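> Okay, here's the structure, questions in a sec.
The values are calculated or read from the model by the stated rules, or taken from the named source; none is laboratory data. The model shown is predicted, which means the values in this text are computed figures rather than measured ones. Reconstructed Cβ throughout: ideal geometry from the backbone, glycine too, with neighbour counts over all protein chains shown.
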Amino acid sequence: MKKIFVGLLVAIIAGALILSSCAEPEPAPAPAPAPAPAPSPEPAPAPETITLKFNDWGPPGIGIGKLHQQAADMIEERTNGRIKVECYFSQSLLKYPDTYVGVSQGVADIALYVVGTTPGVHALNEVFSLPFMGDIPGMMAGAEIYRELLKKFPEFDEENAATNTKWLSIRVMPPNQLHMVKKPVRVPADIQGMKIITGAGTIADMLNAEGASAVQLGPPDWYTSLERGLCEAQLTHWAAVYDFKILELFNYHTHFGGAGAGLVPIGFLVNLDTWNSLSSNEQKVLVDVYDWVNEESLKYDIDLVETAVNEAKDLGHTVTELTPEEIALWAAASEPYVEQFIVDTEAEGWPARDVYEALKRLIEEY
């Protein structure tokens with residue numbers, strides 16, 4: 001009986017083992033669903049490109065023209081393409097006498113501008129263009145003196161702001177000397193009857209009072225007017241005479257000392273609306289680049305003056321160095337018009353006499 005019970009137990013255990021081996025395995029747990037991919041961020045919009053129009057009455061091939069194109073390239077590079085400067089040369093955007101008004105109205109955003117080119121626009125700023133101010137010792141000193149005045153008298157910027165403009169950078173041109181086609185000139189009486197290309201303002205008033213006719217023309221018209229005899233002299237600097245190819249038309253040159261008849265300022269004006277639309281970093285780029293252009297232009301002009309004078313002598317031209325007594329005659333001839341400028345400008349509410357006296361003191365210090 002015991003053997004039967006043991007056998008039955010073995011059979012039951014064996015059957016249980018067989019049944020368990022035939023059972024279906026437990027299904028593997030389902031994998032967790034993958035998270036949905038995050039949406040790709042929208043690409044940031046590219047910064048808007050600003051295109052600024054730069055006006056230059058001179059041709060692109062001369063020294064300062066090349067510097068102006070180089071400045072445009074530098075601005076684009078330093079702003080990572082944010083600002084592009086389109087250069088318009090040879091009066092292709094604005095005629096020489098229209099430069100200031102064109103910048104004021106936004107026809108050009110930036111322009112090379114000679115102080116005094118536009119009569120009636122400036123009063124106080126024209127103090128820089130007054131003739132025979134004294135013996136300024138060179139162009140570098142002249143530029144420093146004018147920049148010092150700009151810092152000292154905020155009225156210069158206020159006057160520009162009233163016509164929607166602002167100086168980016170300013171320097172001086174080489175000293176103005178007198179260049180003649182037909183005859184030499186030593187004293188004011190010698191210019192009677194001459195048609196002389198020059199700027200506007202006080203110097204033009206003085207020339208007209210001495211019996212000459214002051215004629216205002218842009219550089220592209222200089223050669224033709226002198227060649228055809230429409231004008232017979234020009235009050236300008238040697239670098240311009242050389243660069244604009246009019247040296248060959250002259251035979252006589254009068255030197256009024258180291259400062260000439262004046263060191264007329266030239267610089268870069270910017271439209272005030274354009275300026276205010278730029279970030280502070282972009283404004284700094286413009287100022288830095290055009291300060292660099294002015295420094296390079298000063299160096300260029302200094303070398304070019306020497307080259308031009310030497311070439312004139314090689315061509316057999318007569319270069320007359322006036323005596324201090326002769327220069328004093330010219331200065332005396334201009335004094336009534338300088339004083340009238342001060343009176344008129346003071347009447348408009350600007351501190352012309354203070355500025356004039358500060359300018360004279362700076363000249364003496366240098």
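> Could you please let me know if TYR290 is surrounded by 17 or more Cβ atoms within 10 Å (Cβ to Cβ) and in contact with a strand residue (DSSP E or B) (Cβ under 7 Å, 6 or more places away or on another chain)?
Judged against the criteria, TYR290 is a match.
> Restricting region 303-328 to residues that are of a type in the set (A, V, I, L, M) and loosely packed, with under 14 Cβ neighbours inside 10 Å, which is nearest to ASP243 (Cα to Cα)?
LEU315
> Among the residues of region 161-177 satisfying the criterion of being in contact (Cβ under 8 Å) with a residue 12 or more places away in the chain and small (Gly, Ala, Ser), which is farthest from GLY262 (Cα to Cα)?
ALA161
> Follow-up question, since we're still on this one. Looking at this structure, is GLU227 charged (D, E, K, R) and without any contact (Cβ under 8 Å) to a residue 24 or more places away in the chain?
The answer is yes for GLU227.
> Would you check if there is a residue in region 131-141 being within 22 Å of ASP56 (Cα to Cα) and small (Gly, Ala, Ser)?
No, the conditions are met nowhere in region 131-141.
> Taking region 352-366, which residues are of a type in the set (Ser, Thr, Tyr) and in a helix (DSSP H, G or I)?
TYR356
> Could you run through region 256-279 and say how many residues are under 14 Å from the mean Cα position of the chain (by Cα), closer than 19 Å to LEU359 by Cα and among the aliphatic types (A, V, I, L, M)?
Total meeting the criteria: 1.
> Moving on. Pull out all pairs, ordered by first then second residue, where Cβ-Cβ is under 6 Å, the residues are six or more apart or on different chains, the first lies in region 246-261 and is under 22 Å from ALA200 (Cβ atoms), and the second is of a type in the set (Asp, Glu) and assigned to a loop (DSSP other than H, G, I, E, B).
If the second residue must be of a type in the set (Asp, Glu) and assigned to a loop (DSSP other than H, G, I, E, B), the pairs left are ALA259/ASP135.
> Count, please, the residues in region 310-336 that happen to be in a helix (DSSP H, G or I) and under 26 Å from ASN208 (Cβ atoms).
The total comes to 13.
> Next question, about the same structure. Quick one: count up the residues across region 178-209 that are touching a residue at least 40 places away in the same chain (Cβ under 8 Å), surrounded by fewer than 17 Cβ atoms within 10 Å (Cβ to Cβ) and in a loop (DSSP other than H, G, I, E, B).
Looking only at that region, the number is 5.
Results for (1) outside any loop (DSSP other than H, G, I, E, B); (2) over 19 Å from ASN271 (Cα atoms), shown as yes or no for each residue.
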{"site": "VAL85", "(1), (2)": "yes, no"}
{"site": "TYR100", "(1), (2)": "yes, no"}
{"site": "ALA108", "(1), (2)": "no, no"}
{"site": "THR118", "(1), (2)": "no, no"}
{"site": "PHE128", "(1), (2)": "yes, yes"}
{"site": "MET133", "(1), (2)": "no, yes"}
{"site": "LEU150", "(1), (2)": "yes, no"}
{"site": "GLU159", "(1), (2)": "yes, no"}
{"site": "THR163", "(1), (2)": "no, no"}
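> Within the set of pairs 6+ apart or on separate chains, which have a first residue in region 212-223 that is in a helix (DSSP H, G or I), a second that is of a type in the set (S, T, N, Q), and C-beta atoms under 9 Å apart?
PRO219/SER90; PRO219/GLN91; PRO220/SER90; PRO220/GLN91; TRP222/GLN234; TRP222/THR236
> What number of residues within region 139-174 satisfy the criterion of being small (Gly, Ala, Ser), touching a Phe, Trp or Tyr at 6+ places or on another chain (Cβ under 6 Å) and closer than 22 Å to LEU278 by Cα?
So the answer is 1.
> Moving on. So if I check each of GLU306, GLU232, which one is at pLDDT below 95 and either within 26 Å of GLU326 (Cβ to Cβ) or among the acidic types (Asp, Glu) (or both)?
Residue meeting the stated conditions: GLU306.
> Of everything in region 168-203, what is modelled with pLDDT under 90 and on the phi > 0 side of the Ramachandran plot? Give them in sequence order.
If the condition is that a residue be modelled with pLDDT under 90 and on the phi > 0 side of the Ramachandran plot, then GLY201 is the only one that fits.
> Name the residue that is nearest to GLY102 (Cα to Cα), counting only residues in region 280-303 that are over 16 Å from the mean Cα position of the chain (by Cα) and at pLDDT below 95.
ILE302
> Which residue is nearest to LYS95 (Cα to Cα), if the candidates are limited to region 29-84 and must be over 17 Å from the mean Cα position of the chain (by Cα) and either among the basic types (Lys, Arg) or modelled with pLDDT of 95 or more (or both)?
It comes out as ILE50.
Rundown of residues vs (1) among the charged types (D, E, K, R); (2) under 30 Å from ARG186 (Cβ atoms), yes/no style:
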site: GLY260; (1), (2): no, yes
site: GLY267; (1), (2): no, no
site: LEU272; (1), (2): no, no
site: SER277; (1), (2): no, no
site: VAL289; (1), (2): no, no
site: GLU296; (1), (2): yes, no
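> On to the next question. What is the number of the single condition among (1) buried (at least 22 other Cβ atoms within 10 Å of the Cβ); (2) under 19 Å from SER92 (Cβ atoms); (3) in contact with a strand residue (DSSP E or B) (Cβ under 7 Å, 6 or more places away or on another chain) that THR117 does not meet?
The one condition THR117 does not meet is (3).
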